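Worksheet: the structure to be examined is printed underneath.
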């Protein structure tokens, strides 16, 4: 799972409830746990105190039951346990994630590939924690690479079903699910009349409207450092979120050290090995947090230059890249919309 790489600036996140009596504006915050991480929602209501946490918790629990590989009875777990040729009923959440994953898979040349799950498990980053003191060898990786085939899964509609063509293939939505969870929570806020909010699930964020001080919401991007506990955090850049979403991916916090060697959590679906590249961190902006989340993972596989080319040829995307140049120095590049 990606660690939190973003934090929100502003006094509004330092208070639980703040009421401005004159104009009857309430600034409220909900915080809880979901998908193995935290969620935090700050919102502004002109109708006084409105506690929506029980409904948000229930909503995210239902969502988790669809896309979490850590729940043995979830929809995605049933797909992963199915045999070749089986047809498995899936829900709207699963179908939406699968469809977006297909789109990003195609547009990134397979760099984003949810069928990498068997390799994610083998390297100890999935729902099966690797108890072995050594990483998988080349023979084991080559064998598991035969199971990496996103095109072997077919989504049927009316009703939604998945046909699984190959035995032992599995899907992993961990690189896209948190982003969609943000979108789901944001849609819930708007359906309940809340137009000014910031939704944060494990560092994937969507903001809408103005913050409590009537400015555009601002987030800070962490300076990359090898500190899994995130106790020493320093901002590398600030980004305004004007009715947009942002998702960040990086290899500098989520990694394993085996016999003194660092193994990153981003698995390259073409080689089967953890990907260490010149790209240290990437923050992707898009209207939908789910799409931003998927691209952020794909860009860590592709590296700085290929990822930048994709962003600059897609008007819906913006990004901030933190990368190492040819001399090993850290550099920051942002597209015009990532200001």
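All of the numbers you see were taken from the coordinates with simple rules; none came from a lab. Keep in mind the model is a prediction, meaning the values are calculated, not measured. For neighbour counting, all protein chains shown are included, and Cβ atoms are generated from backbone atoms with ideal geometry for every residue, glycine included.
Computed quantities for the displayed model
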item: Protection proxy ranking, peptides 198-204, 26-32, average beta carbon neighbours within 10 Å, highest first; result: 198-204, 26-32
item: Residues residue 313 and residue 81, FRET efficiency given R0 of 51 Å [Cβ-Cβ distance, rounded to 0.05]; result: 0.85
item: Computed FRET value (nearest 0.05) for residue 128 with residue 287, which takes r as the C-beta separation and R₀ as 22 Å; result: 0.05
item: Segment residue 139-residue 213, length gained on full extension (0.36 nm per residue, minus Cα span); result: 20.9 nm
item: Residue 70 versus residue 53: modelled label distance in nm, points set 7 Å from Cα along the beta carbon direction; result: 2.0
item: Estimated FRET transfer efficiency (residue 33, residue 156; beta-carbon r; R0 30 Å; 0.05); result: 0.35
item: Ratio of the Cα radius of gyration of the stretch 61-133 to 2.2 N^0.38 Å, where N counts its residues; result: 1.19
item: Label-to-label distance, nm, for residues given as residue 278 and residue 326 (7 Å Cα→Cβ offset); result: 0.8
item: Ranked packing of 185-197, 51-63, most packed first, by mean Cβ within 10 Å; result: 185-197, 51-63
item: Label-point gap, in nm, between residue 333 and residue 238 - each point 7 angstrom along Cα→Cβ; result: 2.5
item: Sorted peptide list for 296-308, 280-292, 93-105, criterion being average Cβ within 10 angstrom, highest first; result: 280-292, 296-308, 93-105
